[in-house]
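The values are calculated or read from the model by the stated rules, or taken from the named source; none is laboratory data. Just so you know, these numbers come straight off a predicted model, no measurement behind them. Glycine also receives a Cβ, built like all others from the backbone with ideal geometry; neighbour counts cover every protein chain displayed.
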Amino acid sequence: MTVNAGQDEVLITHEDVDRAYDRARVSLARKSRGILSRAWLLWLLIGPGILVMLGENDGPSMLSYAATGAKYGIGFFLPFVILTFAMALVVQEMTVRLGAATHRGHAELIFERFGPFWGWFSMIDLGIGNFLTLITEFIAIRAGLSFFGIPPWAGILLSLVVVYAALLSHRYWTWERVTLLAAIFNLIFIPVALMTHPHWGAIAHAFVTWKPMPHLDKETVLIVLSDIGATVTPWMLFFQQSATVDKGLTEKDIRYGRIDTFIGALLAALAAVGVILATAPLFARQMSAGNFQAAQFAQALVPVVGRFGASLFALGMVEAGVVAAITISTSSAYAFGEVARRPHSLNLPFREGKTFYSVLFLCAAIAAGIVLTPGLPLVFVVLVVNVIAVLAMPPALVFLYLLVNDKEIMGDTPGSTLANVLTTLIVILLAAAGILYGISVIMPNAFAGIARL
């Protein structure tokens, strides 16, 4: 549809109409008064923050937390994981401000502000990282469903059907609400943790004292980086900023975007802690995480929480993989559309968004096919992919830092001093963790004799 605007004709797309409808509902809710009206406005504006946090509580993340609990218990890693979510909250809040202020996706801004070389560099970096992560999502799905005796090929096919079915509405709002409903099931790990009858005094003591890191060796460094990569990854920057734009948030909505992100971080942290607590009894029984291949975590929990509790744990793995497969493949499609200057929105019908949906479909399908490779070392692949995510994060954070402090594009919503200081500290921490891992690979005996860090 076209309308005349003076001498020019303006094309109004299907995407514009859908987004205008969503914004009209927000405007109406904003004009109303009272607690119920504010609650309704919050409901209309939340979504990207909860999705990105619970989406990052994906299959590899949950397997990483399971390996952490089984091998090390709760002493050092329970507070450490909470710290990583605090880091994620700082980083993702910046993407909310960036998306709401500029109305452009992360890849698009990098391309415009830093040129085609860095634009394609960030796109290729994201594409490789997302594809590797997608493989691990389908590993988690395959593993969880295998607990119920479902053949790998059937489980992978079923998961692809679910991923594609989420797109049938051709509406961002509907896609977001359906995915949010699925993401809430990430909290299924909490009742599993309660079934293990955790020692609340020991948990409180872990947070109050925060024991030193366990014996520093290559395996410990791998778990540390894997747990960081389970919470802070590049795809989250691209997804939440693009989703913020696709949802149509403006500068007036930044406060609600922060609340959305905080709620997401809180829920995701509770689920992550639930996984560690659920598998901590395996540590008490001196059962090494290295003995497990994904679904066997659930099998090992049968003596602890019974068949029902172990089934919930396996279903949680499936849910984590499915939700992340949906959000990560969408992140890749957003970024490619932004850099390639192709239509990129979940409000687009298939005929108008062929490139967007094709990238999404192909990424998911190819990753799913690779998971059917015989003899694939599941847990090792999961941990290594999380480590790769950590190593790729510092450059992504540097771009984010530069963009959010660019007064020309941010206008009246520049980065705060506190956010900038915290982001700098996070970059330093991630870089140090990457260097530490590099030393452990190049000189595996370098940590010999170090009992405590």
Elements of type helices (runs of 4 or more DSSP H) contained in the stretch 165-227, each with 3 or more residues being within 20 Å of F297 (Cβ to Cβ): 189-195
Residue within the stretch 27-48 that is touching a residue at least 40 places away in the same chain (Cβ under 8 Å), within 14 Å of the chain's Cα centre (by Cα) and under 21 Å from R171 (Cβ atoms) present: yes
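Criterion first (part of a helix (DSSP H, G or I), under 16 Å from the mean Cα position of the chain (by Cα) and not aliphatic (A, V, I, L, M)) does G129 satisfy it?
Taking the combined requirement at face value, the residue satisfies it.
Does A268 fit the bill of being more than 21 Å from the chain's Cα centre (by Cα), assigned by TED's automatic domain parsing to the domain that holds E108 and either at pLDDT 85 or above or among the polar types (S, T, N, Q) (or both)? Write out each step before concluding.
Numbers: more than 21 Å from the chain's Cα centre (by Cα): no; assigned by TED's automatic domain parsing to the domain that holds E108: yes; either at pLDDT 85 or above or among the polar types (S, T, N, Q) (or both): yes.
So A268 does not fit the description; no.
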Total residues in the stretch 158-184, condition touching a residue at least 24 places away in the same chain (Cβ under 8 Å) and either small (G, A, S) or under 25 Å from V371 (Cβ atoms) (or both): 11
G229 vs. criteria closer than 30 Å to V398 by Cβ, touching a residue at least 24 places away in the same chain (Cβ under 8 Å) and out of contact with any Leu (no Cβ under 8 Å at 6 or more places or on another chain): yes
Any helices (runs of 4 or more DSSP H) falling wholly within the stretch 22-113 and containing at least 3 residues that are buried (at least 18 other Cβ atoms within 10 Å of the Cβ) and in the same structural domain as P281 (by TED's automatic domain parsing): 48-56, 59-72, 77-102
